[in-house]
Amino acid sequence: MAILEVSGVNKRFGGLKALTDVNLSVKESSVHAIIGPNGAGKSTLLNCLIGKLEPDSGVVNFNGTSLLGGITPHEINQLGVCRVFQTPEVFGDMSLLENVMIPSFAKHDGNFRFNGWGSIAKRGEVSEEALSMLEEVGLADQRNVITDSLSRGDKRRLELAMCLIQHPKLLLLDEPTAGMSRADTNNTIDLLKKIGERGITKIIIEHDMHVVFSLAERISVLAQGTVIVEGEPEAIKGDPRVIEAYLGGELG
C-alpha cells in the first residue's frame, strides 16, 4: 500500500524546467531512494513534498491527504512528515536533551520554545520521552552536553532523535551522510536500519551509493528533472540509462 503518491509533478523556475512530469509511488514502511547527478531535481522534489515549494501542476498525496493547495510546512509536519536536512539542523547552544524536547512541543502548537516550556508535569513527561529517544540513537550519556561540541556524525544522530520524538510516518533524509567519515557513515546506516524496525517509511536522497545499496528497497533515478528509471537496487545498478546519467561512472 502506497503512503505517498506523486503524479505528473512539474516545476519551473523562469525558463528552467526543474521537474517534468515526475511520478513516484512509495510503499508504506519501505525505504525508497532517489538518486541522480547534481542538478537532477532531487532537492526540488523534496521541497515540493514538504510545502517549501508549490509545484506548477501535478498531484502529491500523503496518506490520502493532498500536500498541495496552500498547506503549510507545519501542517505537513503535523500529518506525520519529518525532514532531515543535508546539514544537521540543531540548536547549537542548547543541551542534547533540550534539542530533542523542543520538537515535541512544536509538534503540538508550531512554536519552538526556548522559554516557557509549559507545565512542570508536561515538561517532565517530554523530558522522559526525549531521554528515551537519545538512548535509541546512542547519545543518552551526553544528554547534558551542549550541542555545538558534537561531531557531525553525532549531530546527525541527534537530529534523528529530534525527528523520532515527533512520531513521523514518513522520514525524508536529504544526503544523511554528507561530509561524514566512512566510520560515521556506517554507524548512520546501522542507525537507520534500527529506526526501520519502527515501521517508519523513509525517502533517502543520497550520492553515496554504498549508503543507497545498503538501505534502499526501491530506487528512483532522476535526470534533468524527470524519472528515467525506477526499480529494485540490483536492476538499477546495471541499467545502462543510469550509467549514462552518471556520465559513465560506476554505481558499485
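Within the stretch 33-47, can one find any residue that is more than 19 Å from the chain's Cα centre (by Cα) and of a type in the set (D, E, K, R)? No, every residue in the stretch 33-47 fails to be more than 19 Å from the chain's Cα centre (by Cα) and of a type in the set (D, E, K, R). Taking the stretch 1-79 as the region of interest, the strands (runs of 3 or more DSSP E) fully inside it that hold 3 or more residues being of a type in the set (S, T, N, Q) are 16-27. Does the stretch 194-204 contain at least one residue that is surrounded by 19 or more Cβ atoms within 10 Å (Cβ to Cβ) and of a type outside the set (A, V, I, L, M)? Within the stretch 194-204 (the criterion being surrounded by 19 or more Cβ atoms within 10 Å (Cβ to Cβ) and of a type outside the set (A, V, I, L, M)), the answer is yes, since at least one residue qualifies. Contact map, the stretch 61-75: first residue in the same structural domain as Asn23 (by TED's automatic domain parsing), second residue among the acidic types (Asp, Glu) and surrounded by 14 or more Cβ atoms within 10 Å (Cβ to Cβ), Cβ cut-off under 6 Å, separation 6 or more or different chains; pairs are Asn61/Glu5.
Applying the selection to the stretch 239-252, what residues are modelled with pLDDT of 80 or more and either charged (D, E, K, R) or not assigned by TED's automatic domain parsing to the domain that holds Ile35 (or both)?
Asp239, Arg241, Glu244
In the stretch 176-205, the residues that are touching a residue at least 40 places away in the same chain (Cβ under 8 Å) and farther than 19 Å from Ile35 by Cβ reach residues that are polar (S, T, N, Q) and not in a helix (DSSP H, G or I) with C-beta atoms within less than 7 angstrom, at least six apart or across chains, in these pairs: Gly199/Ser29. From the list Ile236, Ile219, Ile203, the lone residue that is of a type in the set (Val, Ile, Thr) and at pLDDT below 95 is Ile236.
Listed here are the residues, each with its yes/no results for (1) over 30 Å from Met1 (Cβ atoms); (2) aliphatic (A, V, I, L, M); (3) crowded, with 22+ Cβ neighbours inside 10 Å; (4) at pLDDT below 95.
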{"residue": "Met101", "(1), (2), (3), (4)": "yes, yes, yes, yes"}
{"residue": "Asp109", "(1), (2), (3), (4)": "yes, no, no, yes"}
{"residue": "Asp141", "(1), (2), (3), (4)": "yes, no, no, no"}
{"residue": "Ser149", "(1), (2), (3), (4)": "yes, no, no, no"}
{"residue": "His167", "(1), (2), (3), (4)": "no, no, no, yes"}
{"residue": "Leu191", "(1), (2), (3), (4)": "no, yes, no, yes"}
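Residue-wise test of (1) closer than 21 Å to Glu159 by Cβ; (2) not hydrophobic (A, V, I, L, M, F, W, C).
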{"site": "Thr20", "(1), (2)": "no, yes"}
{"site": "Leu53", "(1), (2)": "no, no"}
{"site": "Arg83", "(1), (2)": "yes, yes"}
{"site": "Gly92", "(1), (2)": "yes, yes"}
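From the list Val6, Val22, Val31, Val26, the one residue that fits, being within 15 Å of Ala223 (Cβ to Cβ) and surrounded by 15 or more Cβ atoms within 10 Å (Cβ to Cβ), is Val22.
Considered as a group, the residues in the stretch 123-174 that are among the hydroxyl-bearing types (Ser, Thr, Tyr) and in contact (Cβ under 8 Å) with a residue 12 or more places away in the chain include one that is farthest from Asn186 (Cα to Cα), and that residue is Ser127.
Tell me whether the stretch 49-56 contains one or more residues that are small (Gly, Ala, Ser) and out of contact with any helix residue (DSSP H, G or I) (no Cβ under 9 Å at 6 or more places or on another chain). No; the residues of the stretch 49-56 include none that is small (Gly, Ala, Ser) and out of contact with any helix residue (DSSP H, G or I) (no Cβ under 9 Å at 6 or more places or on another chain).
Considering the stretch 56-79, and only residues there that are out of contact with any Phe, Trp or Tyr (no Cβ under 8 Å at 6 or more places or on another chain), modelled with pLDDT under 95 and crowded, with 19+ Cβ neighbours inside 10 Å, the residue that is nearest to Val6 (Cα to Cα) turns out to be Leu67.
The values are calculated or read from the model by the stated rules, or taken from the named source; none is laboratory data. The structure presented is a predicted model; accordingly, all values stated were derived computationally and were not measured. Cβ coordinates were reconstructed from backbone atoms using ideal geometry, including for glycine residues, and neighbour counts include every protein chain displayed.
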